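Shown next, in structure tokens, is the structure this report addresses.
None of the figures in this text is laboratory data; all of them are computed from the coordinates on show. Remember, it's a predicted structure, so these values are computed and weren't measured experimentally. No Cβ is skipped: glycine too gets one built from the backbone with ideal geometry, and neighbour counts run over all protein chains shown.
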Amino acid sequence: MDLSQATQAHSEWKVKLRMAITKKESLDANTISADNCCNLGKWLHGEAKGKYASLRSYSECVQRHAAFHREAGAVARVINSGDFAKATQMLDGGTAYSAASSSVGAAILGLKKEAAL
């Protein structure tokens, strides 16, 4: 697993969500909310679990990754409800989404360092 690529993929969610707001598109909020559907999630719940479950950074990464997807899913649900102004505000700095996004990036970096990946 390329954890640098995983970090990039998760930072791109903000762009995807903003594009959905701009285009007034509907999103699959249930899949976005799930932490085992993206490549990182599949890896964390599969191969990585067997190799790195004993590392503190692994459990932290799993928890923060799940929290990120819950927040992204919450934004997607607001987009789907048609409240685009609220969805836009949810993506601003200082929000739960922003905190979860920063947190998952730091957790991925922490796992990358501790596991020497």
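Relative contact order of the chain: 36 percent, from C-alpha pairs under 8 Å at least 6 residues apart in sequence.
Nearest 20 debye, what's the magnitude of the dipole of the stretch 6-76 about its Cα centre given +1 on Lys and Arg Cβ and -1 on Asp and Glu Cβ?
Numbers: 11 positive and 7 negative charges, 21 e Å.
With only Lys, Arg, Asp and Glu charged at Cβ, the dipole is about 100 debye.
Counting every other Cβ atom within 10 Å of each residue's Cβ, MET90, MET19, MET1 order from fewest to most as MET19, MET1, MET90. On a per residue basis, the convex hull of the C-alpha atoms belonging to the stretch 1-77 measures out at 74 Å³. In this label model, ARG77 and GLN63 are separated by 2.2 nm, measuring between points 7 Å along each Cα→Cβ vector. Taking label positions 7 Å along the Cα-Cβ direction at both PHE84 and GLU47, the computed distance is 4.0 nm, reported to one decimal.
When the Cα positions of ALA34, ALA48, ALA20 are compared along the charge dipole of the stretch 3-114, ALA48 comes out farthest toward the positive end, with charges on each C-beta of Lys, Arg, Asp and Glu. Counting only the Cα atoms, the stretch 54-117 fills a convex hull of 69 Å³ per residue.
Listed peptides 10-17, 103-110 appear in the order 103-110, 10-17 once ranked by packing, highest mean of other Cβ atoms within 10 Å at the front.
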